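Presented below is the structure to which this report refers.
The values are calculated or read from the model by the stated rules, or taken from the named source; none is laboratory data. These figures come from a predicted structure and were not determined experimentally. Positions of Cβ are generated from backbone atoms using ideal geometry, with glycine treated the same way; all protein chains shown enter the neighbour counts. Note: areas computed on protein heavy atoms with side chains; ligands, DNA, RNA excluded. Shrake-Rupley method; radii C 1.70, N 1.55, O 1.52, S 1.80 Å.
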Amino acid sequence: MKSSDIDQELFTESYCKVCSAQLISESQRVAHYESRKHASKVRLYYMLHPIDGGCPAKKLRSENGSDGDSVDKNKCCTLCNMSFTSAVVAESHYQGKIHAKRLKLLLGEQPALKATGLKRSYTCNICNVTLNSIEQYHAHLKGSKHQTKKNRQQ
């Protein structure tokens, strides 16, 4: 399977499988796919699922080239592509949130979503778009496309 085939499966017009994000409108889709958070998750995804079928984070493998348990876990974490100066730093990393999150992703589990209460959406009936926050809604109302459509209806 080619890289572009994989990309088309992961990134569609209405859903980003890497981020588990539902994309409702074009502006939301563009904003999502250009965001730093999306780029970070894509980098992590490709580290964990290399296109060439090679080992994830193979740069940190030991010098003898063998795969498996030959990596000293007190010196590096191949999952997170990190190296450590001491066993104490390594232990701190392995007990941390970043390593736990990446481990869950590797095992195919979805990361837990932060409890933010009810998820609310805001809809502009004039433009037929749905927005995720009140800030986005107000920005939309001030936008030129909305203003043009609003003036045409009057």
What do you get for trypsin sites (Lys or Arg not before Pro) in segment 6-46 restricted to DSSP loop and a cutoff of at most 13 other Cβ within 10 Å of the site's Cβ?
Lys17
Using a 1.4 Å probe and counting only protein heavy atoms, arrange Phe11, Phe84 so the residue with the most accessible area comes first.
Phe11, Phe84
If the chain between Ser92 and Lys75 were fully stretched, how many nm would it gain, using 0.36 nm times the residue separation less the Cα-Cα distance?
4.9 nm
Between the modelled labels at Thr85 and Ser20 (7 Å from Cα along Cα→Cβ) the distance in nm is 3.6 nm
Run the 1.4 Å probe and let me know the accessible area of Ile24, rounded to the nearest 10 Å².
90 Å²
Interchain or sequence-distant (5+) residues whose placed amide H lies within less than 5 Å of the amide H of Ser25 are none
Give me the number: length gained by fully extending Tyr46 to Asn125, i.e. 0.36 nm times residue separation minus the C-alpha to C-alpha distance, one decimal in nm.
24.5 nm
Taking every other residue with Cβ under 13 Å from the Cβ of Ala31 and scoring Lys and Arg +1, Asp and Glu -1, one gets 0
How high is the FRET efficiency from Asp7 to Leu103, r the C-beta distance, R0 30 Å, rounded to 0.05?
0.75
